[in-house]
Amino acid sequence: MQFCVFTEPQQGATYDTIVAHAQHAERLGFHAWFRSDHYLVMGDDDGLPGPTDAWTTLAGLARETSTIRLGTLVSSATHRHPGILAVQVAQVDQMSGGRVEFGLGTGWYAREHEAFGIPFPDKRFGMLDEQLAIMTGYWATPDGATFSFEGDHYTLVDVPALPKIVQERMPVIVGGGGPRKTPQLAARYATEFNIGFRSLESFAEVIANVRAICVEEDRDPATLDVSIAWPTVVGRDAAEIARRCAAVGIDPASDHGERLVGTPTEVADRLGALTELGVDRVYLQTIDMTDLEHLDLIAADVLPALT
């Protein structure tokens, strides 16, 4: 099982803070560093010093890291035109030497769209479907050929499909809680299906469902990786857990069924249960990006118990 760090910079982080966090995760041996693709703070935080753009950030990290994989969980189909996004992602892949992974979803944060004047149609699955078709088709276009697409939302005509990605195939992540639409898109286009913020029992149900839909779509379920994302707070004792919970607005006495909260032993036990479900990758969502000791604790006292 692969272990990735997942961050939410819209809650307040400078680029320097982001770089320090990603480089520290790399030094500790985490498989990948991922970030959200949001421009507006969530909840009651002030979000200072302000937002950072996901793909601008990843372009910088591509040059300031050397081994850790980099990606979005997930970019919003409403934020960028797919023809331009295909160029951006391919360029960052080149800048990183082939370490980029691309997550894409419909977008959900209506207030963010209102604030920044981004159109937010009621029906967005058609946009997501076409963007996935465009992105994967663009990157698969052979040397010397052009790519065209005509859909209800987007039309591309004889685009050269440059620059080329470094990897043989771009890892594409699709996720969501719907019972059919997102698993179908994952079966058709993705290398990984991601499930976010659920209990262990709910993870099992979603995994079984996505595997069944792969069969319906004539895809071998074994060829689609399954990952989960969990808000994560680890502390050596109750006081440290409470301190880290307070820093990210979690009541330490609340139900943590859909979060990963506890001592290293408790967290390792819950992560270990995911192996029985066939989970290939875990995204550990850490909100306080200034708390590098949190990553130290996870790397030193949690992950060794799982390898």
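The values are calculated or read from the model by the stated rules, or taken from the named source; none is laboratory data. As the structure is a prediction and not an experimental result, all values here were calculated from the model. Here Cβ is always computed from backbone atoms with ideal geometry, including for glycine, and neighbour counts include all displayed protein chains. These accessible areas exclude ligands, DNA and RNA; they are computed on the full protein's heavy atoms, side chains included. Shrake-Rupley method; radii C 1.70, N 1.55, O 1.52, S 1.80 Å.
Annotations
- Set Q10, Q23: member being without any contact (Cβ under 8 Å) to a residue 60 or more places away in the chain, of a type outside the set (K, R) and more than 18 Å from V100 (Cβ to Cβ): Q10
- Considering residues of segment 162-186 that are of a type in the set (A, V, I, L, M, F, W, C) and over 29 Å from G257 (Cβ atoms) only, the residue nearest to the chain's Cα centre (by Cα): V172
- Per-region count, segment 240-260, residues without any contact (Cβ under 8 Å) to a residue 40 or more places away in the chain and under 23 Å from I228 (Cβ atoms): 9
- Hits in segment 230-240 (condition: within 12 Å of H294 (Cβ to Cβ) and either of a type in the set (F, W, Y) or buried (at least 20 other Cβ atoms within 10 Å of the Cβ) (or both)): T232, V233, V234, G235
- Residue ID - nearest to E258 (Cα to Cα), chosen from residues in segment 187-214 that are among the aromatic types (F, W, Y) and surrounded by 17 or more Cβ atoms within 10 Å (Cβ to Cβ): F203
- Of all residues in segment 35-51 being touching a strand residue (DSSP E or B) at 6+ places or on another chain (Cβ under 9 Å) and either more than 18 Å from V248 (Cα to Cα) or without any contact (Cβ under 8 Å) to a residue 40 or more places away in the chain (or both), the one that is surrounded by the most Cβ atoms within 10 Å (Cβ to Cβ): R35
- Segment 257-283, residues that are under 18 Å from A204 (Cα atoms) and outside any helix (DSSP H, G or I): G257, E258, R259, L260, G278, V279, D280, R281, V282, Y283
- Taking the conditions (1) closer than 30 Å to M289 by Cα; (2) in contact with a strand residue (DSSP E or B) (Cβ under 8 Å, 6 or more places away or on another chain) in turn, V210 satisfies each one other than (1).
- Residue match in segment 284-298 (condition: of a type in the set (A, V, I, L, M), buried (at least 16 other Cβ atoms within 10 Å of the Cβ) and farther than 16 Å from A25 by Cβ): no
- Total residues in segment 174-186, condition open to solvent by 50 Å² or more (accessible area, probe 1.4 Å) and touching a residue at least 60 places away in the same chain (Cβ under 8 Å): 0
- Of the residues in segment 215-229, at least one is part of a helix (DSSP H, G or I), within 25 Å of G177 (Cβ to Cβ) and open to solvent by less than 40 Å² (accessible area, probe 1.4 Å).
- Annotation note: Cβ proximity below 8 Å between a residue of segment 52-79 that is of a type in the set (A, V, I, L, M, F, W, C) and a residue that is at pLDDT below 95 and outside any loop (DSSP other than H, G, I, E, B) (sequence gap 6+ or interchain) occurs for L73/G175; V74/G175.
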